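The values are calculated or read from the model by the stated rules, or taken from the named source; none is laboratory data. These figures come from a predicted structure and were not determined experimentally. Positions of Cβ are generated from backbone atoms using ideal geometry, with glycine treated the same way; all protein chains shown enter the neighbour counts.
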Amino acid sequence: MLLDKITVLNYRNLSDVNVAFSSKINCLIGSNGMGKTNLLDAIYYLSFCKSAVSSLDASNIMHDSPFFMLQGNYCSDSGIAEEISCGLKRGEKKQFKRNKKSYDRLSEHIGSIPLVMVSPADNELIAGGGEERRRFMDVVISQYDKEYLSALIRYNRALQQRNVLLRGEYEPDADMLSLIEEMMAVEAHRVCEGRRNFVNELIPIFKEFHATITGGENVSLHYRSDLCDKNLADLLRLSRNDDRRLGHTTKGVHRDELVMQLDGYAIKKEGSQGQNKSFLVSLKLAQFDFLRRKGGETPLLLLDDIFDKLDSNRVEKIISLVAGDSFGQIFITDVNREHIDHILDRITGEYKLFEVVSGNVQLVREK
């Protein structure tokens with residue numbers, strides 16, 4: 001998949017931006033707060049129907065503006081043109097369209113424009129709670145498995161219903177609880193199966209990328225779930241009294257964990273900043289390769305300020321990897337022009353270099 005052109009109106013600090021991109025490498029330079037990440041976020045939004053930066057859609061509208069609008073013109077690997085657009089007015093529901101036709105449900109769009117983003121926020125995959133790592137698994141799997149996404153949505157809906165009953169003033173109806181728990185068990189089995197298969201397939205790809213970047217540090221991934229050898233309906237039935245007292249459901253795939261280790265210990269506790277960054281970049285590059293193999297369409301790759309905390313040798317390894325034939329269109333941001341020029345001088349293929357100043361994007365170099 002290629003993003004040929006993007007039009008951005010009133011998105012965060014980008015008031016009126018029209019950019020035609022290189023089909024291979026696109027670098028964005030500029031000081032912090034100028035809008036580099038906002039442009040990447042606009043690209044992300046067109047893939048996932050939401051921002052990677054803000055969970056509140058209205059906060060993406062430029063101050064004192066009544067709306068924002070995004071439009072991307074894409075070309076698939078097979079040469080098919082696609083136009084994706086999104087608009088949001090304050091106080092109204094956002095409109096998302098593919099080739100000028102509105103979606104009935106936004107979930108239908110997920111996976112149409114595959115994308116992988118690497119950013120400083122990824123540190124939460126290591127430092128944050130289990131919900132961050134579950135979200136990582138869900139975002140990847142949902143891009144190539146529509147049934148997984150549907151099962152996850154149904155599971156979360158049933159989970160909310162069970163929690164409402166648990167928090168009720170009166171003792172919940174046992175038959176109603178049983179019905180909801182059976183529904184949760186069916187969907188949870190599908191989710192657990194999808195996550196387990198995904199992690200098992202991802203591990204060797206991840207380890208290969210990590211070995212290339214670091215030279216061979218001992219890292220591992222492991223999927224942990226209540227459902228690995230038990231039936232969720234039984235677990236929920238046995239935990240009803242405790243869950244009623246606590247006011248929420250304590251068993252289920254919403255408690256799953258993706259265990260990340262360095263030398264057999266949690267990387268959260270053992271890893272240096274450089275080791276954590278190498279782990280995360282390797283994980284995201286593995287995600288890219290996995291999606292490319294599964295979906296048949298080359299994802300877009302967004303690298304937002306990823307070279308901080310990495311030594312020059314690891315930076316060189318990463319650039320050599322992403323500039324290769326296995327990767328497609330790439331977007332890189334950095335505050336250091338000299339750093340970017342050094343990278344571009346080592347690239348034999350085509351590229352474009354843009355400077356971002358106060359929300360304005362200007363082409364300054366291309367090949």
The stretch 252-311, subset in contact with a strand residue (DSSP E or B) (Cβ under 7 Å, 6 or more places away or on another chain) and aromatic (Phe, Trp, Tyr), residue surrounded by the most Cβ atoms within 10 Å (Cβ to Cβ): PHE288
Matching residues, the stretch 186-236, being within 19 Å of the chain's Cα centre (by Cα), surrounded by fewer than 17 Cβ atoms within 10 Å (Cβ to Cβ) and of a type in the set (Val, Ile, Thr): ILE203
Residue match in the stretch 29-51 (condition: surrounded by 15 or more Cβ atoms within 10 Å (Cβ to Cβ), within 21 Å of the chain's Cα centre (by Cα), over 14 Å from ILE113 (Cβ atoms) and free of Cβ contacts under 8 Å to residues at least 12 places away in the same chain): yes
Test: residue in the stretch 58-79 that is among the charged types (D, E, K, R), under 15 Å from VAL8 (Cβ atoms), in contact with a strand residue (DSSP E or B) (Cβ under 9 Å, 6 or more places away or on another chain) and surrounded by fewer than 17 Cβ atoms within 10 Å (Cβ to Cβ): no
Search result, residues across the stretch 203-245 that are in contact with a helix residue (DSSP H, G or I) (Cβ under 8 Å, 6 or more places away or on another chain), not polar (S, T, N, Q) and not in a helix (DSSP H, G or I): GLU217, VAL219, LEU221, HIS222, TYR223, ASP226, LEU227, CYS228
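Listed here are the residues, each with its yes/no results for (1) surrounded by 20 or more Cβ atoms within 10 Å (Cβ to Cβ); (2) hydroxyl-bearing (Ser, Thr, Tyr); (3) at pLDDT below 95.
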site: SER102; (1), (2), (3): no, yes, yes
site: SER107; (1), (2), (3): no, yes, yes
site: GLY130; (1), (2), (3): no, no, yes
site: ARG133; (1), (2), (3): yes, no, no
Residue check for TYR45: aromatic (Phe, Trp, Tyr), at pLDDT 90 or above and over 24 Å from VAL356 (Cβ atoms): no
Among the candidates ILE318, ILE330, residue that is closer than 17 Å to SER119 by Cβ and touching a strand residue (DSSP E or B) at 6+ places or on another chain (Cβ under 6 Å): ILE330
Contacts under 7 angstrom Cβ, first residue in the stretch 319-334 being over 13 Å from ILE347 (Cα atoms), partner small (Gly, Ala, Ser), 6 or more apart: GLN329/SER23
Residue selected from the stretch 321-357 under the condition in a helix (DSSP H, G or I) and closer than 26 Å to SER47 by Cβ, by the criterion nearest to the chain's Cα centre (by Cα): VAL322
